[in-house]
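The values are calculated or read from the model by the stated rules, or taken from the named source; none is laboratory data. The model shown is predicted, which means the values in this text are computed figures rather than measured ones. Neighbour counts are summed over all protein chains in view; Cβ atoms, including those assigned to glycine, are modelled from backbone coordinates with ideal geometry.
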Amino acid sequence: MRPLLVGIVHGLAGSAAVALLVLATIAEPTWAVFYLLVFGLGTIAGMTLISVAVAVPVAWGSARSVRVGEMLRISSGVVSLAFGLLLVWQIGVVHGLFSGRPTWTPQ
């Protein structure tokens with residue numbers, strides 16, 4: 001139950017800005033509550049599907065072979081680290097966050 005609650009909080013926390021932007025345009029409180037309910041359930045369902053899509057291959061590989069499971073864990077860590085470094089490079093260097101003159105413009 002604890003992982004489910006942590007997942008719910010994380011899933012909703014990342015999307016709170018989108019939910020608040022839409023809520024600001026809804027005048028009727030009943031529809032605003034309905035929107036939050038649908039948005040929350042959709043977010044939970046989406047995060048659950050993504051988690052299952054990532055966890056099933058790792059669990060399947062680990063069950064077949066300890067070595068396969070270890071390689072999957074290591075490779076997912078390396079890919080995550082590489083993606084994070086790519087984001088730091090793009091945002092910090094290419095778009096100028098570290099230079100003091102950001103060049104990002106909305107598209």
Test: residue in the range 59-67 that is under 18 Å from the mean Cα position of the chain (by Cα), assigned by TED's automatic domain parsing to the domain that holds LEU5 and at negative phi: no
Candidates LEU36, LEU49, LEU41, LEU72, filtered to the one that is assigned by TED's automatic domain parsing to the domain that holds THR103 and either at pLDDT 85 or above or surrounded by 10 or more Cβ atoms within 10 Å (Cβ to Cβ) (or both): LEU72
Evaluation of PHE83 against (1) of a type in the set (Phe, Trp, Tyr); (2) under 19 Å from the mean Cα position of the chain (by Cα); (3) in the same structural domain as VAL9 (by TED's automatic domain parsing) (one fails), failing number: (3)
Pairs, first without any contact (Cβ under 8 Å) to a residue 40 or more places away in the chain in the range 88-107, second part of a loop (DSSP other than H, G, I, E, B) and of a type in the set (Lys, Arg), C-beta under 9 Å, six or more apart: none
